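Notes follow the structure.
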Amino acid sequence: MTKVFIGGSRRIAKLNPAIKGRADSIIQNNYLVLIGDANGADKSMQTYLAGKNYRNVLVFCAGNRCRNNVGSWETRHIKPERETKDFSFYAAKDLEMAKEADYGFMIWDAESKGTLHNMLSLLRNQKKVLVYFSPEKIFFTLKGVDDLLPILTKCDQKVVKLFESEIKASKGVTEKQQALNLG
């Protein structure tokens, strides 16, 4: 069964018709949706899927308690290495979804470090990623880390610098960053 990791920025609380259309394709194909429990894009997509009575959903949660499970779906609790509820705590569940998924669908506001981290995790695991880039209301298909660079050129340089450590960790990106004046 095909598994799709859906995630996105916490600042995105509403799904537009283009995003809903992609979700409808996932529903029509009866793909297993792997989704986190955060507010924002995760909760909005959970609400949309629950409204469609879609049952083929698995909610990943960090620690013992889920923050959101709108459809009362099956859950998978990931035990982070540390109990401090910081970026690493919640990223543990995202890393598991990236490993388990066949594809990714990310809804990105061009600022969320977590969503960028998810895109990179999927790409490092040789998974294709469909990115809805909300500032321009367009989709990008990423097949490799290099495909992320044109999106980053559209981001504020201050934001790009925040992502520098994540980007440098990806094979071959440093030289391309310099060529595009990103690093």
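Taking the condition of being open to solvent by 50 Å² or more (accessible area, probe 1.4 Å), modelled with pLDDT of 85 or more and not β-branched (Val, Ile, Thr), how many residues in segment 146-183 meet it?
Result for segment 146-183: 4.
Residues in segment 106-124 that are under 14 Å from Gly8 (Cα atoms) and either out of contact with any Phe, Trp or Tyr (no Cβ under 8 Å at 6 or more places or on another chain) or in a helix (DSSP H, G or I) (or both): how many?
Adding up the residues that qualify gives 13.
How many residues, within segment 15-44, are over 22 Å from Cys66 (Cβ atoms) and either within 13 Å of the chain's Cα centre (by Cα) or not polar (S, T, N, Q) (or both)? Lay out the reasoning, then the answer.
At the first step, the residues of segment 15-44 found to be over 22 Å from Cys66 (Cβ atoms) are 16-22, 24-25, 28-30.
Checking the rest, the ones that are also either within 13 Å of the chain's Cα centre (by Cα) or not polar (S, T, N, Q) (or both) come to 17-22, 24.
Residues in segment 15-44 being over 22 Å from Cys66 (Cβ atoms) and either within 13 Å of the chain's Cα centre (by Cα) or not polar (S, T, N, Q) (or both): 7 in total.
For segment 27-67, name all the residues that are in contact with a Leu (Cβ under 9 Å, 6 or more places away or on another chain), part of a helix (DSSP H, G or I) and not aromatic (Phe, Trp, Tyr).
Ile27, Ala41, Ser44, Met45, Thr47
Is there any pair linking a residue in segment 1-24 that is over 21 Å from His117 (Cα atoms) and among the polar types (S, T, N, Q) to one that is open to solvent by 20 Å² or more (accessible area, probe 1.4 Å) and part of a strand (DSSP E or B), with Cβ under 9 Å and at least six apart or on different chains, and which?
Cβ pairs passing all conditions: Thr2/Leu32; Thr2/Tyr103.
Among the residues of segment 76-101, count how many are closer than 17 Å to Ile6 by Cβ and not in a helix (DSSP H, G or I).
Adding up the residues that qualify gives 3.
Taking segment 125-145 on its own, how many of its residues are open to solvent by less than 70 Å² (accessible area, probe 1.4 Å) and outside any strand (DSSP E or B)?
5
The values are calculated or read from the model by the stated rules, or taken from the named source; none is laboratory data. What you see is a predicted model; the values in this text were computed from it and never measured. So basically every Cβ, Gly included, is an ideal-geometry build from the backbone, and we count neighbours across all protein chains shown. Heavy atoms of the whole protein, side chains included, go into the accessibility calculation; ligands, DNA and RNA do not. Shrake-Rupley method; radii C 1.70, N 1.55, O 1.52, S 1.80 Å.
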